[in-house]
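What follows is a set of notes on a single structure, which appears directly below.
No lab work stands behind these numbers, since they all come straight from the coordinates. In this text, all values refer to a predicted model and were calculated from it rather than measured experimentally. Virtual Cβ from ideal backbone geometry, glycine too; neighbours counted across all protein chains shown.
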Amino acid sequence: MLKRHFFLVGAICVLLLMVVAGGFKLLTGRSGDPASAQGAPAGKGAGPGGHGGGVQVKPVLVATRTFRDAIEAIGVAKGRQSVTITAPTAELVTHVRFSDGQFVPKGAVLVELQASEQSADVAAQQANLVEAQNAWQRTKTLADKGFASKAALDQAQATLNAARAQVAAARARQGDRTIRAPFAGVVGLSDIAPGALINPGQPIVTLDDVSMVRVDFDLPDRYLPQVSEGQAITARPDAYPGEVFQGRIARLDTRINPQTRAVTARAEFPNPGGRIKPGMLLRVGVTLAERQGAALPEAAVSVQGPETFVFVIKSEGGHTIAERRPVKIGARESEFVEIAEGVRVGERVVADGLNRIQPNQTVQVAGAPASPPGKGGGRPRPAA
């Protein structure tokens, strides 16, 4: 029992000695540190960035830039003319005259259907026409000599006219078995092959004129006074990031949608190379007005909650400091921000790395000397 108490007392003594030694070391360390004895330099020289010149920053000038007030909308691309070719009647396919993705001129034969019965009907009606023409010619000759009445001649003329109409109808039925392109364009993919039986209204192939692209989009009716036919638009397809297609508003709808209070606008723009495909999503921009304004890169503007500010580089008391200044921003365009209030054109602003800077902190501008030159100015002369 006595031995156990001895070890406990010894442990407590050792712990007390360690506490006393640690306190003594801490006290002597602080008293030996000149910086601690004299205190840290107060004021604008303190803060991150090392001694003397402060943190190094990259400047950017507040410059004038053109900003555009624009409306943005989403639309779907359409061909200048687009149609789905269908069959007018139920019949077997005998010939397919196109290839998938082929450009075809207007009137080109796309598909031929079986037309043997129709061809025979045309031949029969042409024979009836020849007979009617001969009968009319005989009756007219007799009528000219006074051996046939006027009524007989009129009857022969009516029979001739009916025979001609029957030939035209037979040829029309025969023509229905030949499906042609209603306009020049590019055909899509098709599974129709010779021998297939198609029914009336069954899709055969799509045909699109993609030399010019149309896109319909909605505009709120409050913008109608600022929008007109012929006005320029821009179209940005998601499939081609960074590319912009220029076009114009071709038509404005004559009615406003009562549910959405919007009017449909139809824009057109050239499509060189047929890169824009019908059905492609497009982001349409309509420029309403242009103006000149002070601008800064987005990286130079910081937003913290409801506050928006920049750090303006200025000289004060022989030091270069970063003054935190609240600003009011306007439009954003191409990674630039319009500064409506807070800075003037020509002022220098910290370009980036704003999270490393404190308000009114001493900074060193990249590319500038750390300390001002002497009275002589310029570069020092080499020693003689």
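Here are some notes:
- Net +/- balance of residues flanking ALA108 in space, Cβ distance below 10 Å, scoring K and R +1, D and E -1: +3
- Cα→Cβ-extended label distance, 7 Å offset, between ALA340 and LEU16, nm: 7.3
- Length-normalised contact order for the stretch 115-176 - Cα pairs under 8 Å, 6+ apart - percent: 53
- Going by neighbour counts of Cβ atoms within 10 Å, the residues VAL96, VAL210 line up, fewest first, as VAL96, VAL210.
- Qualifying GluC sites (Glu not before Pro) in the stretch 308-338, DSSP loop, other Cβ atoms within 10 Å at most 12: GLU335
- Spin-label model, GLU131/ALA70: points 7 Å from Cα along the beta carbon direction are separated by 7.4 nm.
- Length gained on full extension, LYS140 to ASP100, computed as 0.36 nm times the residue gap minus the Cα-Cα distance: 8.7 nm.
- Shown for HIS95, HIS319: other C-beta atoms within 10 Å of each C-beta, ranked fewest to most, produce the order HIS95, HIS319.
- Those chymotrypsin sites (Phe, Trp or Tyr not before Pro) in the stretch 159-232 that DSSP places in a loop and that have at most 16 other beta carbons within 10 Å: PHE183
- Exposure proxy shown here: for ILE339, ILE71, the number of other Cβ atoms within 10 Å sets the order, fewest to most, as ILE71, ILE339.
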